[in-house]
Amino acid sequence: MNNCLAITTSDSIDSGLLHSIIALGAKTDDIGIKSESSRILVNILRTLWSVSGTETEAVSQAQERMAIVEVVDAIMELVRGDNAVLIGEGIMGLVLLTRNQTGCEHFLCSSSERYVGR
């Protein structure tokens with residue numbers, strides 16, 4: 001959990017590790033690198049939403065920080081692929097993102113416009 005919280009700090013979104021993971025997946029044409037960077041994001045989401053008991057403020061903030069368009073787009077790339085395992089992971093990530101109001105809005109408004117009909 002501590003690693004996920006460290007990755008999702010407010011500084012990390014603009015210039016830290018989270019930004020680097022998102023940028024790596026977005027800048028490469030290698031399907032393996034794209035998939036693995038997206039899978040890292042899904043695993044961060046799984047960890048953040050697997051907290052048992054009452055949510056801490058830090059976890060809530062981290063969940064909110066993960067609900068950004070770039071994360072939605074990266075996970076949508078998993079769903080658009082041909083590998084059933086990666087599609088399943090992508091769906092899991094999107095389900096977790098939609099548990100957050102902001103993530104749900106980004107998924108419905110931004111990403112659906114880009115991917116519907118392809």
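The values are calculated or read from the model by the stated rules, or taken from the named source; none is laboratory data. Note that the coordinates shown come from a computational prediction; the quantities given were computed from them, not determined experimentally. Ideal geometry is used to build each Cβ from the backbone, glycine not excepted, and the neighbour counts take in all protein chains shown.
Failed condition for Thr54, given (1) over 15 Å from Thr102 (Cβ atoms); (2) modelled with pLDDT under 95; (3) hydroxyl-bearing (Ser, Thr, Tyr); (4) in a helix (DSSP H, G or I), with all others met?
Every listed condition holds for Thr54 apart from (4).
Within the stretch 59-76, is even one residue touching a residue at least 40 places away in the same chain (Cβ under 8 Å) and farther than 23 Å from Asp11 by Cα?
no
Specify which of the listed residues (Ser35, Ser15, Ser20) is surrounded by 19 or more Cβ atoms within 10 Å (Cβ to Cβ) and over 16 Å from Leu96 (Cβ atoms). Break it down stepwise before answering.
Details: Ser15 fails: surrounded by 19 or more Cβ atoms within 10 Å (Cβ to Cβ); Ser20 fails: surrounded by 19 or more Cβ atoms within 10 Å (Cβ to Cβ).
Sole residue among the options that is surrounded by 19 or more Cβ atoms within 10 Å (Cβ to Cβ) and over 16 Å from Leu96 (Cβ atoms): Ser35.
Looking only at the stretch 1-53, count every residue that is at positive phi and of a type in the set (S, T, N, Q) and tell me the total.
Going through the stretch 1-53 one residue at a time, the tally reaches 0.
Does Ile40 satisfy the condition of being in contact with a Leu (Cβ under 9 Å, 6 or more places away or on another chain) and at pLDDT 90 or above? Steps first, please.
Numbers: in contact with a Leu (Cβ under 9 Å, 6 or more places away or on another chain): no; at pLDDT 90 or above: yes.
For Ile40, the condition - in contact with a Leu (Cβ under 9 Å, 6 or more places away or on another chain) and at pLDDT 90 or above - is not met.
Checking Ala23 against (1) in contact with a helix residue (DSSP H, G or I) (Cβ under 6 Å, 6 or more places away or on another chain); (2) in a helix (DSSP H, G or I), which test does it fail?
So the condition that Ala23 fails would be (1).
For the stretch 40-50, what are the residues that are surrounded by 16 or more Cβ atoms within 10 Å (Cβ to Cβ) and out of contact with any Asp or Glu (no Cβ under 6 Å at 6 or more places or on another chain)?
Going through the stretch 40-50, the residues surrounded by 16 or more Cβ atoms within 10 Å (Cβ to Cβ) turn out to be 40-42, 44-45, 47-49.
Scanning the stretch 40-50 gives Ile40, Leu41, Ile44, Leu45, Thr47, Leu48, Trp49.
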